[in-house]
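**Q** Quick one: this structure, given as structure tokens, is what I'll be asking you about.
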Amino acid sequence: MLRVSASLERKLKELFPRAHDREEFVNDLIERALSEQQPLMEDAPPSVGGTLHLFTDGGSRGNPGQAAIGCILEDPKGGTTLREHYERIGIETNNVAEYRALIEGLKIAKRYSPNRLICHLDSELIVRQLNGEYRVRMPTLKPFVEEIQSLAKAFPAIVFKHIPRNDNYRADALVNRALDAHPAPEYRGRA
């Protein structure tokens, strides 16, 4: 039997004079709360700690055009890939796709609780914007930068590093896999 404080019991009695109604309300509330909970601990990824490497890429076929993102989270100590993610994101520009890939990658990395996260991107523009070397002039990109700055607070140390496109080939391959899996419909024009 669940016990509640006397003050809470008084409030429940005021709202629900009948004991059966009170019990039903409390049961419904507990069931709803439990159904909204995060997965059980055995379903959660292990907390890795240490330094992790995140490789992200985003791209569009056309600018704007059909766009996708790709992320790879690695543990360099064990040389293992902890997680890969790729998905289509609709019609977007290359820059939006790059930012959205990093946002998704940060959300994934946060679940592994690294002490230090090194984010590798092949977009020099975005790395310089995130490192404060360039201003973000386009108003449409500012919300992405703000979201990344907010997500970055979850990590004790985070680095945004530019790498050559050839060194980011695995994340790029994930972007292309997402785009190839569901190619855009062919334009046929008027007959």
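The values are calculated or read from the model by the stated rules, or taken from the named source; none is laboratory data. Since this is a predicted model, take the numbers as computed values, not measurements. Neighbour counts run over all protein chains shown; Cβ positions are idealised from the backbone, glycine included.
**Q** Just give me the residues in the range 136-150 being loosely packed, with under 11 Cβ neighbours inside 10 Å and among the charged types (D, E, K, R), in sequence order.
**A** Residue satisfying the conditions is Arg137 alone.
**Q** Kindly provide the set of residues from the range 108-138 that are closer than 12 Å to Ala152 by Cβ and in contact with a Cys (Cβ under 9 Å, 6 or more places away or on another chain), ordered by number.
**A** Ala109, Leu130
**Q** Quick check, is Glu92 in the same structural domain as Met138 (by TED's automatic domain parsing), at pLDDT 95 or above and over 17 Å from the mean Cα position of the chain (by Cα)?
**A** It is true that Glu92 is in the same structural domain as Met138 (by TED's automatic domain parsing), at pLDDT 95 or above and over 17 Å from the mean Cα position of the chain (by Cα).
**Q** Which condition from (1) under 22 Å from Gln66 (Cα atoms); (2) out of contact with any Cys (no Cβ under 9 Å at 6 or more places or on another chain); (3) not hydrophobic (A, V, I, L, M, F, W, C) is the one that His85 breaks?
**A** Only one criterion is unmet by His85, namely (2).
**Q** Mind checking which pairs have a first residue in the range 87-105 that is closer than 19 Å to Lys161 by Cβ and a second that is of a type in the set (Asp, Glu), Cβ under 6 Å, 6 or more apart or different chains?
**A** Ala101/Asp57; Ile103/Glu147
**Q** Which members of the range 88-104 meet the condition of being surrounded by fewer than 17 Cβ atoms within 10 Å (Cβ to Cβ) and either within 22 Å of Leu117 (Cα to Cα) or touching a Gly at 6+ places or on another chain (Cβ under 7 Å) (or both)?
**A** Across the range 88-104, the qualifying residue is only Ile91.
**Q** Given the conditions (1) in contact (Cβ under 8 Å) with a residue 12 or more places away in the chain; (2) surrounded by 13 or more Cβ atoms within 10 Å (Cβ to Cβ), which single one is not true for Asn131?
**A** The failed condition is (2).
**Q** State all residues of the range 56-67 that are surrounded by 22 or more Cβ atoms within 10 Å (Cβ to Cβ) and touching a His at 6+ places or on another chain (Cβ under 9 Å); if no residue qualifies, say none.
**A** Thr56
**Q** Taking the options Val145, Val96, Val136, name whichever one is among the aliphatic types (A, V, I, L, M), part of a helix (DSSP H, G or I) and farther than 21 Å from Asn168 by Cα.
**A** Only one candidate qualifies: Val145.
**Q** Please pick out the residue among Ile118, Ile103 that is modelled with pLDDT of 95 or more, within 22 Å of Val145 (Cβ to Cβ) and in a strand (DSSP E or B).
**A** Ile118
**Q** Oh, and also: In the range 68-84, is there at least one residue being surrounded by 12 or more Cβ atoms within 10 Å (Cβ to Cβ), more than 16 Å from the chain's Cα centre (by Cα) and at pLDDT 75 or above?
**A** yes
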